[in-house]
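Here the structure comes first, spelled out in structure tokens, and everything after it is commentary.
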């Protein structure tokens, strides 16, 4: 189990850690007595996180790196400084993501999204692979990749983002399988529900929507499911429960099995049948 990851003396490295879910995970780690380094492209938010965290946890070891997660050289340089400063890594959280508007006539919208949301995760894994897999029963380690329900159910509206998160799900599953004989390095796919963060556009002057979870709830749910050894950390929110998520995922898989049109749940000729199956209406 990954519960012992959250203990004093352990070290976490979190990409996309200056805000939202990444920051909430970083704060949870600090509250558990861990040392934390975040990686984020936003230098202002990174400095603010480090400063506020040092004030909140004066005895903790905290650092921040302003880096582009889509740049493999940046990961290489980061590793040199990180290992020199922290000497070890116990918890690698790959969470950095962008949410650009997809444009079928402009492939750069897809390329840029994949560079951060997919390649940034691959670079993080490959850069720290030897260190994060050098675990023992007394010294377990963990990797968390942040996916999305959009990468599973593929709703219309942003195919670039959906594709990037579908790719994250794929590599997380493959990594978990390839490390199946390593019983002390644990891999988890975090799949948040509707979460109040800046990236999703739900943050604003009006405050958290009633239906959304706070980022801190997601971080706490992740820790709970890691303790139970669960790979798929599929988060509910205040509007969608676990049972509804399961039905939505099953309906999407049913498009292939039943040879329905793709994304049938959102098509006019299938919408009512999908709603009846998922919601019982």
* Asked: Which length gain, in nm to one decimal place, applies between residue 104 and residue 271 when the Cα-Cα distance is subtracted from 0.36 nm times their residue separation?
  -> 57.6 nm
* **More than 26 Å apart - percent of Cα-Cα pairs taken over the chain** => 43
* Structure fact -> For the pair residue 43 and residue 183, the simple spin-label estimate (label points 7 Å beyond Cα toward Cβ) gives in nm 4.9
* Asked: Got a sec? How would 121, 232 order by Cβ neighbour count within 10 Å, fewest to most?
  -> 232, 121
* Asked: Under a GNM of the chain (C-alpha, springs under 10 Å), which listed residue has the highest mean-square fluctuation: 236, 159, 58?
  -> 58
* What's the center-to-center distance, using Cα atoms, between region 36-98 and region 251-281 in Å? -> 43
* To do: Would you mind computing Rg(Cα) / (2.2 N^0.38 Å) for region 136-281, counting N as its residues?
  => 1.16
* Translational diffusion coefficient (Stokes-Einstein; Kirkwood radius from C-alpha pairs) of region 58-192 at 20 °C, 1.002 mPa s, in µm²/s -> 135
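For region 3-239, give the share of DSSP beta bridges that are antiparallel, in percent and rounded to the nearest 5; count only bridges with both residues there.
Numbers: 0 of 28 bridges.
Just about 0 percent of them are antiparallel.
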* Asked: What 222 nm value per residue comes from the helices of the chain, counting each DSSP H run with n ≥ 4 as -39,500 (n - 2.57) and dividing by all residues, nearest 500 deg cm²/dmol?
  -> -13500 deg cm²/dmol
* To do: Would you mind computing, in nm to one decimal, how far apart the modelled labels at residue 129 and residue 83 are, each placed 7 Å from Cα along Cα→Cβ?
  => 1.5
* To do: Output the direction-averaged projected area (hull surface divided by four) of the convex hull of the alpha-carbon atoms of region 6-109, in nm².
  => 7.0
* Once you have the alpha carbon radius of gyration of region 241-281, what is it after dividing by 2.2 N^0.38 Å, with N set to its residue count? -> 1.06
* Using only Cα atoms, find the angle between the long axis of helix 72-86 and the longest principal axis of the chain, and express it within 0 to 90 degrees, rounded to the nearest 10. => 40
* Using a Gaussian network model of the chain whose springs link C-alpha atoms within less than 10 Å, name the residue from 98, 83, 38 with the highest mean-square fluctuation. => 83
* Asked: So how do 169, 105, 47 line up by other beta-carbon neighbours within 10 Å, fewest first?
  -> 105, 47, 169
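Rank the residues 195, 108, 133 as a footprinting-exposure proxy: fewest other Cβ atoms within 10 Å of their Cβ go first.
Ascending Cβ contact count within 10 Å gives the list 108, 133, 195.
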* Structure fact -> Measuring from the longest principal axis of the C-alpha atoms of the chain, the long axis of helix 159-178 (C-alpha) lies at a number of degrees, nearest 10, equal to 60
* Using only alpha carbon pairs under 8 Å that are at least six residues apart, calculate the relative contact order of the chain and give it in whole percent. => 17
* **Between helix 43-56 and the chain: long-axis angle, C-alpha atoms, 0 to 90°, nearest 10** => 60
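Bear in mind that the values in this text are calculations on the coordinates, not laboratory data. Source: prediction; values computed, not measured. We place every Cβ from the backbone using ideal geometry, glycine too, and count neighbours over all the protein chains shown.
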